[in-house]
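What follows is calculated from the coordinates using simple rules that are stated; it is not laboratory data. These numbers were taken from a predicted model, which means no experiment stands behind them. Heads up, the Cβs are rebuilt from the backbone with ideal geometry, glycines too, and the neighbour counts pull from every protein chain shown.
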Amino acid sequence: MTYKKLLAAANAAVVTVILGLVANVSAADKYEVIHSFGGVSAGAGPTGLISDAAGNLYGTALYEGDATMGGNGVVFKLSHDATGRWSETVLHTFQGKDGANPAAGLIFDKARNLYGTTQNGGTYGNGTVFKLTPEPDGTWSETVLHSFQGKDGANPIGDLVLDRAGNLYGTTLGGGGHVSGLVFKLAPDTNGGWIETVLHDFQGTDGANPGAGLIFDQAGNLYGTTQNGGTYGNGTVFKLIPEPDGEWSETVLHSFRSADGSNPAAGLIFDQAGNLYGTTAGGGGHNSGLVFKLASATNGEWIETVLHDFQGTDGANPSARLSLDRAGNLYGTTFSRGGGFLGLGVVFKLSPEPKGEWSETVLHSFQGPPDDGYQPSGALIIDAAGYLYGTTANGGSSGNCLYAGCGTLFQITP
């Protein structure tokens with residue numbers, strides 16, 4: 001199921017219940033909704049965020065903010081003034097042929113151009129990779145770098161990553177020779193175009209349906225997750241190694257068994273010691289998902305440790321990438337459950353303890369509209385002062401989007 005369909009199904013399940021409810025957000029949470037998405041063509045269903053040096057936030061929204069959750073989605077910028085008030089500017093509205101329904105976040109290059117993906121649309125309807133270039137008059141111009149045809153990938157929903165040479169790398173949820181998704185590279189050519197190379201075509205037994213972005217290690221190897229496939233069919237963590245002949249070889253670092261997690265929908269992060277951290281949307285002792293760590297052993301194997309097993313009351317189904325602060329604490333979100341009346345997701349913190357255990361703190365349980373968002377949709381970002389920023393796919397004060405709210409931008413003060 002694509003992220004778009006997941007959001008639609010979840011929204012339909014809760015919208016009839018939350019009408020007329022008033023959120024009860026505790027001041028002790030140090031939590032604040034600082035922007036509610038909405039208004040026709042203003043964006044609905046925001047995903048992950050990135051920030052620039054001035055503290056402006058950039059992201060994508062799956063739809064446009066009309067009453068039917070229609071449209072092809074937008075790229076937006078959020079800026080704040082001296083009083084702390086945030087305002088939204090739509091940088092690009094997708095038309096379908098140039099892409100539709102962006103489900104992933106954005107990245108900057110050194111020239112401050114933005115790059116991203118759309119899961120649908122394009123020449124063949126299978127999604128695109130796009131570039132947005134800032135113009136002198138303040139507008140942004142879009143260039144479609146690649147339209148997926150199916151055999152070369154379909155429906156990218158993960159963030160892109162850029163190498164030092166300016167090449168882009170990403171994943172597609174579907175497509176490829178085995179219709180199980182793939183890893184691709186886009187390299188700029190001398191004529192101003194971009195050439196795609198399929199680095200790995202998943203077969204199922206080695207993973208299937210990569211739904212998240214990739215990360216590099218210092219040696220230039222790529223790491224990622226697949227939602228399905230692997231030895232037990234519950235998803236994998238994989239590594240891709242560049243070979244001297246230009247090919248890439250895959251190693252499955254871990255196949256999830258369900259008890260130790262299943263269906264990882266988010267990407268990975270490294271700590272300074274080279275350990276990998278991630279989440280699984282399902283599995284674990286309560287089938288509510290978990291947070292895991294993978295550490296490299298001296299024999300080349302990777303050992304998994306479950307850092308936290310969600311019980312439902314403290315959140316369920318984490319589907320966004322984790323964030324790590326300077327003190328070694330992990331922050332993340334769960335798409336559902338938690339302490340709110342309707343179980344609409346949480347923001348959590350995991351802190352390492354002296355004996356190797358990790359303690360969880362729920363920083364916020366989402367309550368839904370009209371005052372709060374629900375179903376947090378992207379990774380959290382941490383600014384230099386330690387403030388957390390994130391988005392919810394639904395909720396907020398907007399009267400559009402089936403009266404359930406078009407999503408929010410929130411801030412948590414440390």
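A few points about this structure:
- Across the chain, the mean sequence separation of Cα contacts (distance under 8 Å, 6 or more residues apart), normalised by length, yields a relative contact order of 14 percent.
- Estimated at 0.36 nm per residue, the fully extended path between residue 326 and residue 34 surpasses their Cα-Cα distance by 102.6 nm.
- Residues listed by number, the stretch 273-295, amide nitrogen under 14 Å from residue 311 label point at 7 Å toward C-beta: 285-288
- Modelled label positions at residue 362 and residue 295, each set 7 Å beyond Cα in the direction of Cβ, lie 3.0 nm from each other.
- Highest-fluctuation residue, 138, 99, 71 considered, GNM on the chain with Cα pairs under 10 Å: 138
- Residue range of the chain that is longest and free of GluC sites (Glu not before Pro) which are both DSSP loop and sparsely packed (at most 15 other C-beta within 10 Å): 1-246
- Extended-chain gain in nm, criterion 0.36 nm per residue less alpha-carbon gap, residue 271 and residue 251: 5.2 nm
- When the charge dipole of the stretch 3-412 is built from unit charges on Cβ atoms (+1 for Lys and Arg, -1 for Asp and Glu) and taken about the Cα centre, the candidate among 253, 274, 230 whose Cα reaches farthest toward its positive end is 230.
- Top of 378, 45, 229 by mean-square fluctuation, Gaussian network on the chain, Cα under 10 Å: 229
- In this rough spin-label picture, where each label sits 7 Å from Cα along the Cβ direction, the residue 258-residue 87 distance is 5.4 nm.
- Cα→Cβ-extended label distance, 7 Å offset, between residue 149 and residue 79, nm: 4.2 nm
- Distance violations [Cα-Cα > 21 Å] among 97/151; 30/293; 293/355; 77/349; 110/239; 110/185: 30/293; 77/349; 110/239
- Low-density loop positions, chymotrypsin sites (Phe, Trp or Tyr not before Pro), the stretch 74-133 - DSSP coil, at most 16 other Cβ in 10 Å: 124
- Estimated from the Cβ-Cβ distance and a Förster radius of 30 angstrom, the FRET efficiency linking residue 164 and residue 191 is about 0.85.
- Given +1 at the Cβ of Lys and Arg, -1 at the Cβ of Asp and Glu and no other charges, the dipole of the chain around its Cα centre is 460 debye to the nearest 20.
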